[in-house]
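Any read-out appearing in this document is the output of simple, stated calculations on the displayed coordinates, not a laboratory observation. In this text, all values refer to a predicted model and were calculated from it rather than measured experimentally. Here the Cβ positions follow ideal geometry from the backbone for every residue, glycine too, while neighbour counts run over all protein chains shown.
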Amino acid sequence: MIWQYLLLVMAAWNVIVLILYGIDKWKAKHDRWRISEAALLGSAFCLGGAGALFGMTVFHHKTKKWKFRILVPLSVVLQAAVVYGILPR
């Protein structure tokens with residue numbers, strides 16, 4: 001039962017991370033104070049990898065930076081391992 005709650009929390013967090021990437025892209029276009037790369041990558045590695053990858057794809061944001069092209073997909077793999085680990089067998 002707790003694994004269902006954890007999956008729901010992870011899904012909500014991924015939506016928040018997606019929104020963070022969208023906000024940062026908007027700020028980049030409007031020459032505003034930006035969200036740091038460390039915060040964006042950190043949010044991806046704190047179980048928000050899918051939201052980060054989706055945000056990169058939808059908003060075409062940070063797609064040319066090698067750190068993001070390598071680390072965000074890696075965070076998705078790690079997140080998938082965590083999900084696999086918490087699912088009941």
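Set the Förster radius R0 to 25 Å, insert the Cβ-Cβ distance between LYS27 and TRP66 as r into 1/(1 + (r/R0)^6), and round the FRET efficiency to 0.05.
On the way: r = 22 Å, r/R0 = 0.86.
That gives a FRET efficiency of 0.70.
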Notebook entry, point to check: Ordered by residue, what ³J(HN,Hα) values in Hz, to whole numbers, does region 31-46 give under the Karplus form 6.51 cos²θ - 1.76 cosθ + 1.60, where θ = phi - 60° and Gly and Pro are x?
Noted result: 6, 10, 4, 9, 7, 5, 4, 4, 5, 5, 5, x, 5, 5, 7, 8
Checklist line | Sequence ranges 22-30, 42-50, ranked by mean other-Cβ count within 10 angstrom, highest first | finding: 42-50, 22-30
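Length gain on complete extension for the stretch ALA39 to VAL82, per 0.36 nm per residue less the alpha carbon to alpha carbon distance?
Full-extension gain reported as 13.4 nm.
Using only alpha carbon pairs under 8 Å that are at least six residues apart, calculate the relative contact order of region 17-89 and give it in whole percent. The partial results should precede the final answer.
Details: 68 pairs, mean separation 23.9, N = 73.
Computed value for region 17-89: 33 percent relative contact order.
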Checklist line | the chain, helix-only ellipticity at 222 nm - DSSP H runs n ≥ 4, -39,500 (n - 2.57), divided by all residues, nearest 500 | finding: -25000 deg cm²/dmol
Next item on the list: Rounded to whole Å and sorted largest first, list the principal axis extents of the Cα atoms in the chain.
Entry: 48, 22, 20
